[in-house]
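Below is one structure, written out as structure tokens; the observations come after it.
The values are calculated or read from the model by the stated rules, or taken from the named source; none is laboratory data. Note that the structure is predicted; figures quoted are calculated from it, not measured. Reconstructed Cβ throughout: ideal geometry from the backbone, glycine too, with neighbour counts over all protein chains shown.
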Amino acid sequence: MTVASPDTLPAGDAGLARRTMRVVRVEGLSRRMRRITLSGEDLAPFDTPRQLHVRLSIGEGASRATRLYTIRRIDAAAGEMDIDFFLHDAPGPAGDWAAQARPGATCEIAGPVGRPVGTADWHVFAGDETALPAISRIVEAMPGTAAGVVVLCVGRPEERVALSHPPGIVVRWVHPRGGETAGDRLFDEVASILPPKDATVFAWAGAHADCSRRLKEHWKASGIDAAQCLAVAYWR
């Protein structure tokens, strides 16, 4: 997750835990996804299933940059957390830092922040590569009785990742066709989904700003209450 969204961030920083973190491991998960393991002290405040994100800051002074990222894994007892970074073609300061980070590099985090996933009979999660960390963590923590569908659009088949999920969650991987954008492909696939009749629904999306806006409008037009959907602009 790379873009601060008003749907997920509090109005200010008051009450957020702050830590200085040090890179201890770096792992390439795919051609464009990089996992960075950070180490720090007293990470217990960040170990919550309801708020999965942190503000990550790098640099100082005028060069300081802050972006929102998902905690992919946290082990508070060991003082570690993993953050997965999608490396855009034209990365910003945080993406540049992630691409070049080596053990010993430092950053700062503040959090946790985020809106929890709503309860429902049936869930739909949709995202492009930037949402893989968030969707992966959300669905692997869902109860075994959970039902719904996950739609993930990635550029190439080899960019798929292993996804643990309850048996009632169906995962669909799609790829852009011809000259269409990932956002168009993702929207078309999600718009074709018909939730079970009479089921309560919670819908969640993380993607390019245009796609997230279209999905939010689609779900509203489909009759899903605003409190039961969250469509976040992960990048622009």
Open item on the list: Looking at Ile109, Ile83 in this structure, which one is at pLDDT 95 or above, closer than 22 Å to Leu163 by Cβ and assigned to a strand (DSSP E or B)?
Closed with: Ile83
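Table: residues versus (1) touching a helix residue (DSSP H, G or I) at 6+ places or on another chain (Cβ under 7 Å); (2) part of a loop (DSSP other than H, G, I, E, B); (3) farther than 23 Å from Thr130 by Cα; (4) among the aliphatic types (A, V, I, L, M).
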site: Ser30; (1), (2), (3), (4): yes, yes, no, no
site: Ile36; (1), (2), (3), (4): yes, no, no, yes
site: Pro45; (1), (2), (3), (4): no, no, yes, no
site: Ala99; (1), (2), (3), (4): no, no, no, yes
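Each row is one residue, and each column tells you yes or no for (1) over 20 Å from Gly118 (Cα atoms); (2) among the small types (Gly, Ala, Ser).
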| site | (1), (2) |
| --- | --- |
| Ala131 | no, yes |
| Val149 | no, no |
| Glu158 | yes, no |
| Pro167 | no, no |
| Glu180 | yes, no |
| Glu189 | yes, no |
| Ala207 | no, yes |
TODO: Give the stretch 47-66 a look and list any residue that's assigned to a strand (DSSP E or B) and buried (at least 22 other Cβ atoms within 10 Å of the Cβ), or say none.
DONE: His53, Val54, Leu56
Task: Matching option when the condition is surrounded by fewer than 20 Cβ atoms within 10 Å (Cβ to Cβ), touching a residue at least 24 places away in the same chain (Cβ under 8 Å), among the β-branched types (Val, Ile, Thr) and outside the structural domain of Ser192 (by the TED database), among Thr70, Thr106 - done: Thr106
Task: Residues of the stretch 142-171 classified as loosely packed, with under 14 Cβ neighbours inside 10 Å and either in contact with a strand residue (DSSP E or B) (Cβ under 9 Å, 6 or more places away or on another chain) or in a loop (DSSP other than H, G, I, E, B) (or both), total - done: 9
- [ ] Among the residues of the stretch 181-230, write down those that are in a strand (DSSP E or B) and either of a type in the set (D, E, K, R) or without any contact (Cβ under 8 Å) to a residue 60 or more places away in the chain (or both).
- [x] Cys229
Open item on the list: Looking at the stretch 43-92 only, could you name the residues that are more than 13 Å from the chain's Cα centre (by Cα) and hydroxyl-bearing (Ser, Thr, Tyr)?
Closed with: Thr48, Ser57, Ser63, Thr66
